[in-house]
Amino acid sequence: MSKQIIILGAGLAGLSAGFHLKAKTKIFEKEARVGGLARTEIIKGFIFDYDGHLLHFKTKYVRQLIDQLLPNQISARKRNAWIYSNDVYTKYPFQANTFGLPLRIVKKCILGMLKPAVKTKDKDTQNLYDWMLDSFGAGITKYFMYPYNYKFWTIPPQELIPDWTVNFVPRVKIKSVLDGAFTLKTKALGYNSEFYYPDKGGIEQLAKAFAKQVKNIYTEHEAQAIDLEQKTVKFSNGRIEEFTRLICSLPMLELKKLIVNKLPENVKTAFLKLRYISIYNLNLGIDRPEISDKHWIYYPEDKFSFFRVGFPMNFSHNTAPRGKSSLYAEVSYSKNKPLDKQGIDKLIHQDLIKAGILRPDDKILVSHVNDIKYAYVVYDHNYRDCLKILNDFLTANNIFPVGRFGKWKYMSMEDVIVDGKLIAQELN
Ligand SMILES: Cc1cc2nc3c(=O)[nH]c(=O)nc-3n(C[C@H](O)[C@H](O)[C@H](O)COP(=O)(O)OP(=O)(O)OC[C@H]3O[C@@H](n4cnc5c(N)ncnc54)[C@H](O)[C@@H]3O)c2cc1C
């Protein structure tokens, strides 16, 4: 057998691995085009990603790489994100911006920060609820962190662990909480205080630019069987490829079905314990200009079906025809909280009117659904142990997981690009 590294999946992780690998490789993708979650749908002049897909940079490397791939084609924007609760808009992040809420709530949020209702500070045993209390106190937990996270994850925060929060939920000092209780003019906090977005064509431009630099991408090749002994992958069209090492960005859970060999019991059990949530993403094109000046709004309360609504028209003016508006509404669901897909579009529409975003007489020009099965991995109390068992098993069999669902980790586009680079360096 010739020494061959194969990559499964041409999302940003697979593309980045292919881009950074020195050895000859082949990338196999089940869809007709590359990009995975970072694809874009263009309908009647409206441009929709798989809900919001904005670039943030922690590393200079990825910033420079993207400049190289999309020279002068992306622009920075200052985040204009809000939370709607108790019939009031407050600035994001909630923990540093309670100004405008009823005074009794503001008071509880401040008092909670001054005297955190800590359950446990022990990082190994803390659940997400303990972490909220420890980080923000009882008020901020009650009025935003708990309801929002429960709604988003569809699972009580007591059943989750906080390992993913470090990159995504900004901690705050009491000074920021006090500043944000008395004025709207606060410093923008968090990883996404500024974001970058392609001037034209949506986020898929990035995947396309990557793909131009990578040889041997085979689309419409769905991996259907992986034989760990023979070291082969069989595809839906009958093609069989041998590999010495397999870089795999497919959802880790899918490997349970794809691997044809008998799995050790502990591995089988670990696969079965992996949990994820899905996002039902309704995109609307509306026949009215400037329905909002915001980038996105969070809805922690259960009286709204969606947890967030975003406005692509404000990411770049080219994402909607002149004089029209666009939005996406996101509803999460899971085995824990199944979704009635029959009635959901109507309910979202009613809730958008209730939230004051749509008017009853608004003409909807485009209504399009992205139903994202694998959207976020669930960090529950089994997570750390299961991942260790599965990673050990896969790497021992020359399968190298990469990317958001390959690694089964809450990762951004930048994170998976770095991850692809790292695996390529390891195998180079
Ligand atoms: C709702 C949502 C919003 C997000 N917003 C942001 C954001 O604003 N900013 C940000 O930086 N990141 C965001 N992300 C994260 C970002 O989308 C991911 O980190 C990144 O795109 C994942 O890339 P990947 O290559 O790891 O996985 P994927 O994009 O999932 O790629 C995996 C690829 O494998 C292919 N595949 C699957 N099964 C098979 C098979 N059997 N055979 C062959 N191919 C197969 C798929 O078709 C896909 O192309 C968001 C993610 C979601 C779900």
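Laboratory data are not the source of any read-out in this text; all were calculated from the coordinates shown. All of these numbers come straight from a predicted model, not from anything done at the bench. Every residue, glycine among them, receives a Cβ derived from its backbone with ideal geometry; neighbour counts consider all protein chains shown.
Counting only Cβ charges, +1 for Lys and Arg and -1 for Asp and Glu, the dipole size of region 81-191 around its Cα centre is about 520 debye. Can you tell me the 0 to 90 degree angle between the C-alpha axis of helix 413-427 and the longest principal axis of the chain, rounded to 10? For 413-427 against the chain, the angle is about 30 degrees. Looking at the chain, the DSSP beta bridges with both ends there are about 70 percent antiparallel. The value for region 276-377 of Rg(Cα) / (2.2 N^0.38 Å) is 1.05.
Check the straight Cα-Cα distances from residue 60 and name the aspartates and glutamates below 12 Å, setting aside those fewer than 8 residues away within the same chain. In chain and number order, the partners are 414.
A cut-off of 5 Å between modelled amide H atoms, ignoring neighbours fewer than 5 places along the same chain, links residue 39 with 50.
In terms of Cα to Cα distance under 12 Å, which aspartates and glutamates are near enough to residue 341, apart from those fewer than 8 places away along the same chain? Leaving aside aspartates and glutamates fewer than 8 places away in the same chain, those within reach of residue 341 are 371. Pairs exceeding a 25 Å alpha-carbon distance, out of 234/373; 215/262; 208/273: 215/262; 208/273. Whole-Hz Karplus values for region 271-287 come out as 4, 5, 8, 5, 10, 8, 10, 10, 10, 8, 10, 9, 9, 10, x, 10, 8 Hz, taken residue by residue from phi with 6.51 cos²θ - 1.76 cosθ + 1.60 and θ = phi - 60°; glycine and proline positions read x. Pairs of Cα atoms nearer than 8 Å and 6+ residues apart set the relative contact order; for region 276-377 it is 47 percent.
Extent along the principal axes, Cα only, for the chain: 71, 53, 44 Å, with the longest axis given first. Karplus-based coupling profile of region 7-14, in residue order and whole Hz: 10, 9, x, 10, x, 5, 5, x, with θ = phi - 60° in 6.51 cos²θ - 1.76 cosθ + 1.60 and x standing for Gly or Pro. This model, with +1 at the C-beta of Lys and Arg and -1 at the C-beta of Asp and Glu, gives the chain a dipole about its Cα centre of some 720 debye.
For residue 408, nonlocal amide neighbours, meaning residues 5 or more places apart or on other chains whose placed amide H falls under 5 Å from its own, are 252.
Sorting the segments 365-374, 318-327, 5-14 by their mean number of nearby beta carbons within 10 angstrom, highest to lowest, gives 5-14, 318-327, 365-374. Only aspartates and glutamates eight or more places from residue 26 in sequence, or on another chain, were considered; those with a Cα closer than 13 Å are 241, 242.
Among 422, 103, 339, the ranking by other beta carbons within 10 Å of each residue's beta carbon, starting with the fewest, stands as 103, 422, 339. For region 255-268, 3J(HN,Hα) computed residue by residue from phi via the Karplus equation (6.51, -1.76, 1.60; θ = phi - 60°) reads 5, 4, 7, 7, 6, 7, 7, 5, 8, x, 4, 5, 6, 4 Hz, glycine and proline entered as x. Using C-alpha pairs under 8 Å with a sequence gap of at least 6, the mean separation divided by the residue count of region 191-291 gives a relative contact order of 17 percent. Among the lysines of region 112-206, pairs at least eight places apart or on separate chains and with Cα atoms under 15 Å apart come to 8.
When 84, 197 are sorted by how many other C-beta atoms sit within 10 angstrom of their C-beta, beginning with the fewest, the order is 84, 197. Under a 5 Å amide H cut-off, with hydrogens placed 1.01 Å from N, residue 74 pairs with 199 among residues at least 5 apart or on other chains. Of the residues 226, 43, 260, the one whose Cα sits farthest towards the positive end of the charge dipole of the chain is 43 (charges of +1 on Lys and Arg Cβ, -1 on Asp and Glu Cβ, taken about the Cα centre). Take every Cα pair under 8 Å whose residues are at least 6 apart in sequence, average their separation, divide by the length of the chain, and the relative contact order is 26 percent.
Put in line by how crowded their Cβ is, counting other Cβ atoms within 10 Å and starting with the fewest, 90, 395 read 395, 90. Restricted to Cα atoms, region 81-191 shows a radius of gyration and a Dmax of 13.2, 38 angstrom. Which net charge results when you count Lys and Arg as +1 and Asp and Glu as -1 among the other residues whose beta-carbon is under 11 Å from that of residue 258? Summing Lys and Arg as +1 and Asp and Glu as -1 gives 0.
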